[in-house]
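Data first, discussion second: the structure below is written as structure tokens.
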There are 2 protein chains.
Amino acid sequence: MAEFKLHAFEQSGHAYRVALMLQLAGCDWEGVRVPFFDGVTRTETWRETHNEMGEAPILEHGETKLTQSGVILDYLADITGQFGGRSPEERREIWRWILFDNHKFTSYYSTLRFLLAFQKTGETEVVQFLRGRVLAAYGIVDKQLGHADFIVGERPTIADFSMAGYVFYPEETGVDVPGQFPAIEAWKERIRALPGWQAPYDLMRF
Amino acid sequence: MAEFKLHAFEQSGHAYRVALMLQLAGCDWEGVRVPFFDGVTRTETWRETHNEMGEAPILEHGETKLTQSGVILDYLADITGQFGGRSPEERREIWRWILFDNHKFTSYYSTLRFLLAFQKTGETEVVQFLRGRVLAAYGIVDKQLGHADFIVGERPTIADFSMAGYVFYPEETGVDVPGQFPAIEAWKERIRALPGWQAPYDLMRF
């Protein structure tokens, strides 16, 4: 049995964040498919036995069972000694971007993608509202990535993996990253070049 | 000069989270008003000198300048030795709820309130979409608060203060907390009973 077990599904960038960390840190891990699109995470039973927040991913490591990708990433950085902060200041800086990511950068984008690619709502007022919020958040990140190679400095950290959650998915959302956010596009290339990197649908085939 | 300086504005529940912590932990602090509604946080100058994420609050403590209320709360719990986690497990549990709060519980509610109370959009598709998301997140928290007095157990922590950010504001949002979420309503009463508690517009008069 692998050391780490990741409950996830391949369409979830929240899960991809963690799969990417496990992969790039060279962990011994395996995936367990959560049949999200069958509605399992919305059932009372699943919430009681797996996650009261009704979300994937979940990481199992021995007796420890964790949810919330930000907490899982922080845990894995501690356990593996890789991609974490090296000082209290750097750890705070990493959390600062993970929070911004959860509140705005990934949050708005993942909802926009969900509506367009899976709920297939087409171009509604809600879609336009979310896209406006995405563009504002992406603008802030693009500026930050104009100053440094990675989100908190010159080396990749779990803050980058958090923010990379949805940026490699192919679904169309009407957000033109190469055209409008060149620093994000260049950062994506740097992430893609990390040894062992795989795209979401390749990394999470289970 | 006070030991802590909080840059904030009274309509911001993101700031109230921190003001509440400073107040309940008995810190020596003062507020500095950020003229948010004049658009200052959206200017390039302010972003360069204060916060590249374009947000309040900001906490100043000596040479340390912090943004993102979750990071500030964690910092204050460390500095004061109050309302933080007492074990790695409890600290992870606190972060787990702070992340859920930033992603869903406070995030959707604060946006809903902003549209209705300040942008005065009236009942749009976007308002209805956000209210649906609020109800789902509130349902999860209501269930959690049915098991324990506070969000991660039997004593208040910074996770409660994070989640209390917007729940004491009086603006009308069409979310009936007493009627639909009795456990949240009871938790609000417990927070309100903590020694030194003040409502947002009383605590942030500066």
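No lab work stands behind these numbers, since they all come straight from the coordinates. Just so it is clear, the structure is predicted and the values come from calculations on it, not from any experiment. Counting neighbours? That spans all protein chains shown, and the Cβs are built from the backbone with ideal geometry, glycine included.
Consider all pairwise Cα distances in region A:60-206 and report the whole-number % of them above 23 Å.
39 percent
Kindly put A:LEU135, B:LEU115 in sequence by how many other C-beta atoms sit within 10 Å of each C-beta, fewest to most.
So the residues, fewest neighbours to most, are A:LEU135, B:LEU115.
Largest first, please: the extent of the C-alpha atoms of region A:130-206 along each principal axis, to the nearest Å.
34, 30, 18
If you average 1/r over all unlike Cα pairs in the protein assembly as shown and invert the result, what Kirkwood radius do you get in angstrom?
When all Cα pairs of the protein assembly as shown are included, the Kirkwood radius is 21.8 Å.
Below 8 Å, C-alpha to C-alpha, sequence gap of six or more: please give me the relative contact order for chain B in percent.
Reported as a whole number, the value is 28 percent.
How large is ³J(HN,Hα), in whole Hz, for each residue of region B:175-186 in order, when computed from phi with the Karplus curve 6.51 cos²θ - 1.76 cosθ + 1.60 and θ = phi - 60°, using x for Gly and Pro?
Per residue, the Karplus-derived 3J(HN,Hα) values read 10, 9, 5, x, x, 9, 10, x, 6, 5, 4, 5 Hz.
When chain B is treated as a GNM, springs tying every alpha-carbon pair under 10 Å, which of B:GLN68, B:GLN119, B:GLN11 comes out with the largest mean-square fluctuation?
Looking only at B:GLN68, B:GLN119, B:GLN11, the biggest GNM fluctuation is shown by B:GLN119.
Which percent, nearest 5, of DSSP beta bridges in the protein assembly as shown are antiparallel?
Counting only bridges with both partners in the protein assembly as shown, antiparallel ones make up about 65 percent.
Would you mind ranking B:GLU48, B:GLU3 by Cβ crowding within 10 Å, fewest neighbours first?
On the way: B:GLU48 10, B:GLU3 13.
Final ranking by Cβ density, sparse to dense: B:GLU48, B:GLU3.
What's the tally of Lys pairs in the protein assembly as shown whose alpha-carbon atoms lie under 18 angstrom apart, where the two lysines are 8 or more places apart or on different chains?
7
Take A:ARG33 and A:ARG190, extend 7 Å from each Cα along the Cα→Cβ direction, and tell me the distance between the two endpoints in nm.
It works out to 3.6 nm between the two label points.
Given 0.36 nm per residue, what is the gain on full extension from B:ARG42 to B:TYR201 after removing their alpha carbon distance, in nm?
Gain in length upon complete extension: 54.9 nm.
Within 10 Å of each Cβ in peptide A:90-101, how many partner chain Cβ atoms are there on average? Round it to a whole number, please.
5
Say we join alpha carbon atoms closer than 10 Å with springs in a Gaussian network model of chain B; which of B:PRO156, B:PRO170, B:PRO57 then has the biggest fluctuation?
B:PRO170
Running a GNM on chain A with Cα contacts under 10 Å, which residue among A:PHE161, A:PHE129, A:PHE100 ends up with the highest mean-square fluctuation?
Top of the fluctuation ranking is A:PHE129.
Could you list the trypsin sites (Lys or Arg not before Pro) in region A:112-206 that lie in coil according to DSSP, counting only those with at most 14 other Cβ atoms within 10 Å of their Cβ?
Sparse-neighbourhood loop trypsin sites (Lys or Arg not before Pro): A:LYS120, A:ARG205.
Write down the percent of antiparallel bridges among all DSSP beta bridges whose residues are both part of chain A, to the nearest 5.
Expressed as a percentage, antiparallel bridges in chain A total about 65.
Go through region A:34-44 residue by residue and turn each phi into a ³J(HN,Hα) via Karplus (6.51, -1.76, 1.60, θ = phi - 60°); whole Hz please, and just put x for glycine and proline.
Coupling constants for region A:34-44: 9, x, 3, 6, 8, x, 4, 6, 9, 7, 4 Hz.
Using Stokes-Einstein with the Kirkwood hydrodynamic radius over Cα pairs, what translational diffusion coefficient do you get for region B:8-119 at 37 °C and a viscosity of 0.692 mPa s, in µm²/s rounded to a whole number?
216 µm²/s
Among B:GLY132, B:PHE4, A:PHE9, which residue has its Cα positioned farthest towards the positive end of the charge dipole of the protein assembly as shown, with +1 placed on the Cβ of Lys and Arg, -1 on the Cβ of Asp and Glu, and the dipole taken about the Cα centre?
It is B:GLY132, whose Cα lies furthest towards the positive end.
Which whole-percent values make up P(r) of region B:1-70 when all C-alpha to C-alpha distances are grouped in 10 Å steps starting at zero?
Taking every Cα pair in region B:1-70, the percentages come to 21, 56, 21, 1.
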